[in-house]
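J.: Quick one: the structure is below, and I'll ask about it shortly.
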Amino acid sequence: MKTAIMLQFIPVLVLMILFFVMMFGIGFILNMLMKTTWFPCFLFVIVILPVVVYSLWDRGQMSFWTHVGSFQLVDYLTGVAGLIGAYLSGWTIKTLRIKGFRMF
């Protein structure tokens, strides 16, 4: 039984790592190009998450709030991992600027 639970958690862990790395990389590149610090966090929360939630919503079958309530723990863990990646990209750029790296 315990092995079955661990085998179900491995894809979730891989998905979380992928979203973390993807948002960190995209955020780092956006921070370098736009010379901002926290833009990727705002972009993730204000644009990406609502677009994903809205695009998955089957408008004919359920109300919006029922749809939002139907998300599972895996969905929330993936979103939080992406948000942490976006946040850490801003923190990394800020730290590099403080340490004197002018190209960031």
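J.: State whether the residues of the stretch 36-44 include one that is of a type in the set (A, V, I, L, M) and either surrounded by fewer than 17 Cβ atoms within 10 Å (Cβ to Cβ) or outside any helix (DSSP H, G or I) (or both).
T.: No, the stretch 36-44 has no match at all.
J.: Something else now. List pairs: first in the stretch 37-65 and under 10 Å from GLY27 (Cα atoms), second charged (D, E, K, R) and in a helix (DSSP H, G or I), Cβ under 9 Å, 6+ apart or cross-chain?
T.: From residues that are under 10 Å from GLY27 (Cα atoms), the pairs are THR37/LYS94; THR37/ARG97; TRP38/LYS94.
A quick yes/no check of all residues on (1) surrounded by fewer than 13 Cβ atoms within 10 Å (Cβ to Cβ); (2) hydrophobic (A, V, I, L, M, F, W, C):
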position: MET22; (1), (2): no, yes
position: VAL47; (1), (2): yes, yes
position: PRO50; (1), (2): yes, no
position: LEU73; (1), (2): yes, yes
position: TYR76; (1), (2): yes, no
position: LEU88; (1), (2): no, yes
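Matching residues to (1) aromatic (Phe, Trp, Tyr); (2) in a helix (DSSP H, G or I):
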site: TYR87; (1), (2): yes, yes
site: THR92; (1), (2): no, yes
site: LEU96; (1), (2): no, yes
site: ARG102; (1), (2): no, no
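Where a number appears in this text, it was derived from the coordinates with a stated rule and is not lab data. All figures in this text were calculated on a predicted structure; none of them were measured in a lab. Here Cβ is always computed from backbone atoms with ideal geometry, including for glycine, and neighbour counts include all displayed protein chains.
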